[in-house]
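Comments concern the structure below.
The values are calculated or read from the model by the stated rules, or taken from the named source; none is laboratory data. Not measured: the values here are computed from a predicted model. A quick note on method: Cβ atoms are made from the backbone with ideal geometry, for glycine too, and the neighbour counts reach across all protein chains shown. The area values use the complete protein model at the heavy-atom level, side chains included, leaving out ligands, DNA and RNA. Shrake-Rupley method; radii C 1.70, N 1.55, O 1.52, S 1.80 Å.
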Amino acid sequence: MKHIAVLASGRGTNLQAIIDNIENGTIPAKLVCVISDNKEAPALERARRHNIEALYIDPGSKKTWLIPEVEEKYVKVLKDRNVDLVCLAGFMRVLKKTFLSAFKGRILNIHPALLPAFPGLDVQRKALEYGVKFSGCTVHFVTEDVDAGPIITQAAVPVLDDDTPETLARRILKEEHRIYTEAINIVLSGKYKIIGRRVIRTD
Ligand code: GAR
């Protein structure tokens, strides 16, 4: 059974969807730990409620990325638990070399926009203000370029005339919960190859 870990900074609804889909057998893996850079993250509480190890690792700085010494701590925890796949689910810090090289090709992220449109933060508001008629979400491999790794799966949702960033975010979130599981299962199955930037399924 493959071991997965989730990194989350906040509310943890994507984490919850992953937990639920592991418990109901949709994802054939064991969630061995949830790690947060935020002691107060509701995501940690969600993990504890399901008897999943929940760890806070002090980011040690207010930087938007993890410094190498802290990345080493994350990597140690993950290696000690034989983690095969790391899933970022609302983890609000950028990962750098130490982390990326330890789990090359084995880190996924979910982003609430149709990349390469609207990378970064507050993207539902940006999509709305830009005037796009569709937005959505993307699950991609994490590489050094932020929000720019090979795309595993995406889902589109319409942008409605009376949307606010909150109503659009809610519509997108529902799809996030669905496609993150889909992407995890593709990667766990190993039935894909990456050609250039393209993730091609081989089953
Ligand atoms: C989700 O919408 C996720 O796509 C986004 O944060 C939210 C976390 O919600 N991630 C990013 O913006 C990453 N840059 P959740 O804690 O309820 O899963």
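Listed by chain and number, the lysines whose alpha-carbon sits under 20 Å from that of LYS126, ignoring those within fewer than 8 places in the same chain, are LYS174.
Of all beta bridges that DSSP places with both ends in the chain, some 45 percent have antiparallel geometry.
Bridgeable aspartates and glutamates around LYS104 (alpha carbons under 16 Å apart, same-chain partners fewer than 8 residues away excluded): GLU71, GLU72, ASP84, GLU144, ASP145, ASP147. How much of the accessible area of the chain, probe 1.4 Å, is carbon plus sulfur, in whole percent? About 53 percent, which is the carbon plus sulfur part of the accessible surface. May I ask for the Kirkwood hydrodynamic radius of the chain, worked out over all distinct Cα pairs and given in angstroms to one decimal? That comes to 17.2 Å for the chain. Using every pair of distinct Cα positions in the range 104-149, the Kirkwood expression returns a hydrodynamic radius of 11.0 angstrom. Annotation: for a label point projected 7 angstrom from Cα along Cα→Cβ of ARG197, residues of the range 115-147 with backbone N closer than 16 Å are 115-120, 138-147. For each pair in LYS30/LYS63; LYS133/LYS193; LYS30/LYS76, compute the distance between the two Cα atoms and list the pairs where it is over 27 Å. Violating the 27 Å limit, Cα to Cα: LYS30/LYS63; LYS133/LYS193. For LYS191, a cut-off of 12 angstrom between C-alpha atoms picks up these aspartates and glutamates, skipping any fewer than 8 places away in its own chain: ASP203. Per residue, the accessible area of the chain comes to 51 Å², computed with a 1.4 Å probe over protein heavy atoms only. Peptides 2-8, 108-114 ranked from most to least packed, by the mean per-residue count of other Cβ atoms within 10 Å: 2-8, 108-114.
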